[in-house]
Every structure is written in structure tokens, then in C-alpha cells.
Amino acid sequence: MLFGTVVGSLADKRGRKRACVTYCITYILSCITKHSPQYKVLMLGRVLGGIATSLLFSAFESWLVAEHNKRGFDQQWLSITFAKAIFLGNGLMAILSGLFGNVLVDSLKLGPVAPFDAASCFLAIGMIIILSTWTENYGDPSENKDLLTQFKGAAAAIAADEKITLLGAIQSLFEGSMYTFVFLWTPALSPNDEDIPHGFIFATFMLASMLGSSIASRLLAHPTPRVESYMQTVFMLSSMALLLPVVTNVRIFAHIFSILPKAPRKTNSFKSQQLLVAPSNVKGGSISFSGCIQLIGFCIFEACVGIFWPSIMKMRSQYIPEEARSTIMNFFRIPLNIFVCIALYNVKALPMTVMFGMCSAFLFVASLLQRRLMVIAEIHKSRSQDWLNMEEIDPEGVPLNG
């Protein structure tokens, strides 16, 4: 949130290609720190990792959009590229990387740091490809703008355009819920230390995400439905999916069935009893029935994540101004990081059902904001079309409308 925002914002001024190379170097250094047993060195590695993550989620996309527009490619290709990147990168490569890391640690017995060393090698290869094949592009390369002025300009652009403000809020709400989910799904599926196949479940999540990105590629390949329209359904569906851990732990139905055949006096105890009940105290065993229901919901949520990434990239390419793209994208991550920090700091103080309920509520709000974004986009599109009709001229330069 702190260092990454500053470093990531420099991409607009110093160059997106240079920022991507900086990502590779920074994360290689972060991986190297894993060899140290010193806490301070490991903490430095996390700081470097945070900076690299901000660059990963801003510089690469900014470079791609600018290069795509500079070469005059069809805008539809950009949507297809985003979808393929999520399908191959976030899906297939995540699965293969997990399997490869498992081979290094378990099969080859190279130790727990081996995957980080392998990651460094892949980062070095990627850096060589970037240096040898990419051209440089900038947002606003003017020398008279310092970083503070750049921040003020990005903040002004967000405040002046409601579409950008809504987009930032939607992104923060969804990604905040998504990152919180990353830390919650394991204890949710094994509250009593059930023996669950973590690797298999993670691979299933990645397959669901790949399915979602495949659906997104088909949706983005057609002019209708528009991305602003179908994303409302995606956010609503993801909200219901993360509500399942709350529903499966609610005792309402069992309590109602228990009181129906009994005297009315029993209903007075309803308010005094706890609605949210703790799971069974039986330790161990396999995944429970409620865990299976939650797993289905989590897979649906991961499919929504697969649809979200290429779709939000498409909307960012439409609404965020080119001259401050990386800066604005990193501004979006500030409330996201604050939310995740607060959620994780209080994860033991709040019941898991409350955490999932909060995430579900945030996703529902994201759906409402997406609805507002669609309405504004339609109004803007209609006004632009009216303006073009008014400005239409004949071949001799005389306005057709008089």
C-alpha cells in the first residue's frame, strides 16, 4: 500500500517497460531473501514482494493497453488478450507451477525454498524477453511534473469522472473480498481439522477460474451483452456463493423443525438461542456435508473471479485515461490493501461467518455500483452519439443539420 503505490506510479513517468523490468528484479530479490533465517531479512523480502505486486497489477496492463493502441489494433483483440492471459496465466500456469513446486520439494527433496529459486529463474527469463523484445511507452513523460503533482492529477481525474470512481470502488470491493477468501477457505472447509486434500481443492479452484475466463472470452467477443451489464450478475452470483458458509452454519431451519410439533412456549427460547452454531466438536475425519456445499459455492466464486479479471481489465482500458493509467490503478489498490489488512488483523476476533457475511455484503454493494456504472455509461454513450449526429457534415463541409 505504501511503497508499491509510489513505485507503481512511477511507471507512467519513467516508462512501463522499465517498471516491468523493475518488477522482475524486485521479486528476484524477494525470492533470494527466503534463504535467510533472519526475521529482518525476511521482512525486507515481504516489502520487496509488496512493491513487486503493485508493479505486477499495474505496469504490465498499462504497457499492453498503450502498445495496443499505439499500433492501431482492433479494440476487440484487447479483450481477447485479457481473457487468454487470465486463462493461461492465472489458471493453467498456476496449476502447472503448483505441481512443479511440489515436485521440487517432495519428489526431488530440494527443500521448501526450491520453488522460490525456480521462480527467480523464470523471472530472469521473463526479464530477458522484456528487454529484448518490448518497446518503451509512457503515460505522461513531461519532466516538469514531480510525483506529488502526478498524484494530485490522478486524484483529480478520479474525482472528476464518476465512472472512474465507481470502477475503483467496484475493484476494491471485489478484490478485497477475494483476498480475504484466500485466507478463509481452508479453515472454512476444515473447522475441526478435517483431512482435506488442499492441493486437489486448489487445483479445482484454478479449473473453475479457467472456466470463468473462458466464459468471459466468449462474452467479450460479442458486442452484447456489454461488460457493464453482465458483471452485475457476476457480482450478485459471487455474493450468494460467499453467503453459503453463513447459511450452512445457521440453525434456523433445524430449530423451526424442532419447535413445530411442540407447545408454543418453546418458541420463547428461539431468541435466546444462538443462530450461528459452532461445527461439531468431532476432530479429524473427512470433509463434512456442509463443507461439500461450501466447496461448491467456492468453486462458483472462483468461476466469477475468472470472469472478473478480463472484464475489469476491459473496463479499465475504456475509462482510465492513458496519461495516468498506472497511477490511478495503484490508487485503486490503496483501499483494497487497507481493507485486507484490517480484515486479517481481526480474523481471530470475528467469527468466520461474520467475515464471510461481510464479504458477501461487499460483493452485493459492488453489484449495485456496477448497475450505476452501466446507467452512467449508457447516458454517456447516448450523449456522444447525439453529439456526433449534430456534428455530422456533408462532403463539402456544410453541417447536414443546418
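The values are calculated or read from the model by the stated rules, or taken from the named source; none is laboratory data. None of these values were measured; they are calculated from a predicted model. All Cβ positions, even for glycine, are placed from backbone atoms using ideal geometry, and neighbour counts span all protein chains on display. Side chains included, ligands, DNA and RNA excluded: accessible areas come from the protein's heavy atoms. Shrake-Rupley method; radii C 1.70, N 1.55, O 1.52, S 1.80 Å.
Points worth noting:
- Per residue, the average separation of C-alpha pairs within less than 8 Å and at least 6 apart gives the range 4-85 a relative contact order of 36 percent.
- Contact order relative to length of the range 1-142, as percent, for alpha carbon pairs under 8 angstrom and 6 or more apart: 43 percent
- Electrostatic bookkeeping for Met313 treats Lys and Arg as +1 and Asp and Glu as -1; over the other residues with beta carbon under 14 Å from its beta carbon, the sum is +1.
- Extension gain for Ser286 to Ser132 (0.36 nm times residue separation, less C-alpha to C-alpha distance): 50.3 nm.
- Summed over the residues of the range 62-103 and divided among them, the accessible surface reaches 55 Å² per residue at a probe radius of 1.4 Å.
- Extended-chain gain in nm, criterion 0.36 nm per residue less alpha-carbon gap, Ser36 and Val375: 116.7 nm
- Net charge contributed by nearby residues that have their C-beta within less than 13 Å of Ile201 (K/R +1, D/E -1): -3
- With the simple spin-label model, which puts each label point 7 Å out from Cα in the Cβ direction, the Ala221 to Leu237 separation comes to 1.7 nm.
- Sorted peptide list for 192-198, 75-81, criterion being average Cβ within 10 angstrom, highest first: 75-81, 192-198
- The label-point distance for Ile342 and Asp117, in a model that sets each label 7 Å from Cα toward Cβ, rounds to 4.3 nm.
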